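To keep things clear, I will list the structure first and then write my remarks on it.
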Amino acid sequence: MNHSKILFPRYFRYIGIILTLAGIVMSVIRFGFGVKPDFLETKVFVVYAAYLQTSEFRFITNNISEEICGVTLLLGLFFLAFSRFKTETEEIWALRTKSFIYSLYTHSALLLFCLLFIYGWGFLIVMTANLFLYLLFYNLWFYMLLFLASHKAEG
């Protein structure tokens, strides 16, 4: 079976690398240094928002720096995970499958740890990070297994 037909074209890998790096840099600037550029203050439509007051199905003013960081990072990791290689073999497909399983184990173990030992606002931050962690773990496992397989084939 040709599994590569369900993957994005190869050039999405390069888009994924650029978006992932941009998402990381923007996230460090936004969350690490607390920078919220004024020009990103804009009206956005919300389905639900709860700040000082609750808003449902209307426009509110919001700084969209967090959303830009999240979307950029999520798309980058997604494109990186699901873009095909020049030559997509059964061995690579097996590594993709193994990486999904390992990612699920890793993510579940981390989530269990966080549920047991992190409370309050810290838990909310961890749950927000969980939006990206599965794809991050998948990419780390996949490229590590691919690296190890390529070195094993050479040696």
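The values are calculated or read from the model by the stated rules, or taken from the named source; none is laboratory data. Keep in mind the model is a prediction, meaning the values are calculated, not measured. So basically every Cβ, Gly included, is an ideal-geometry build from the backbone, and we count neighbours across all protein chains shown.
Taking the criterion of being loosely packed, with under 13 Cβ neighbours inside 10 Å and in a helix (DSSP H, G or I), would at least one residue in region 48-64 satisfy it? The answer is no, given that none of the residues of region 48-64 is loosely packed, with under 13 Cβ neighbours inside 10 Å and in a helix (DSSP H, G or I).
For region 65-87, how many residues meet the condition of being of a type in the set (D, E, K, R), under 20 Å from the mean Cα position of the chain (by Cα) and assigned to a loop (DSSP other than H, G, I, E, B)? Show your work before the answer.
In the first step, residues of region 65-87 are kept if they are of a type in the set (D, E, K, R); the result is 66-67, 84, 86.
Then keep just the ones that are under 20 Å from the mean Cα position of the chain (by Cα); that gives 66-67, 84.
With the extra rule that they be assigned to a loop (DSSP other than H, G, I, E, B), the set shrinks to 84.
The number of residues fulfilling the criteria is 1.
Among residues belonging to region 124-154 that are surrounded by fewer than 18 Cβ atoms within 10 Å (Cβ to Cβ) and in contact (Cβ under 8 Å) with a residue 40 or more places away in the chain, point out the one that is nearest to the chain's Cα centre (by Cα). In this case the residue turns out to be L131.
Quickly run through region 88-112 and pick out the residues that are part of a helix (DSSP H, G or I) and over 20 Å from the mean Cα position of the chain (by Cα). First the steps, then the outcome.
Our first condition is that a residue be part of a helix (DSSP H, G or I); within region 88-112, this holds for 90-112.
Of everything in region 88-112, those that are part of a helix (DSSP H, G or I) and over 20 Å from the mean Cα position of the chain (by Cα) turn out to be E90, E91, I92, W93, A94.
Determine whether region 40-49 contains at least one residue that is of a type in the set (D, E, K, R), in contact with an Asp or Glu (Cβ under 8 Å, 6 or more places away or on another chain) and modelled with pLDDT of 95 or more.
Filtering region 40-49 for residues of a type in the set (D, E, K, R) gives 41, 43.
Cutting the leftovers down to in contact with an Asp or Glu (Cβ under 8 Å, 6 or more places away or on another chain) gives us none.
There is no residue in region 40-49 that is of a type in the set (D, E, K, R), in contact with an Asp or Glu (Cβ under 8 Å, 6 or more places away or on another chain) and modelled with pLDDT of 95 or more.
When region 13-41 is filtered for residues that are of a type in the set (K, R) and exposed (fewer than 15 other Cβ atoms within 10 Å of the Cβ), only K36 remains.
Taking the numbered list (1) in the same structural domain as L146 (by TED's automatic domain parsing); (2) in contact with a helix residue (DSSP H, G or I) (Cβ under 7 Å, 6 or more places away or on another chain) in turn, S108 passes all entries but (2).
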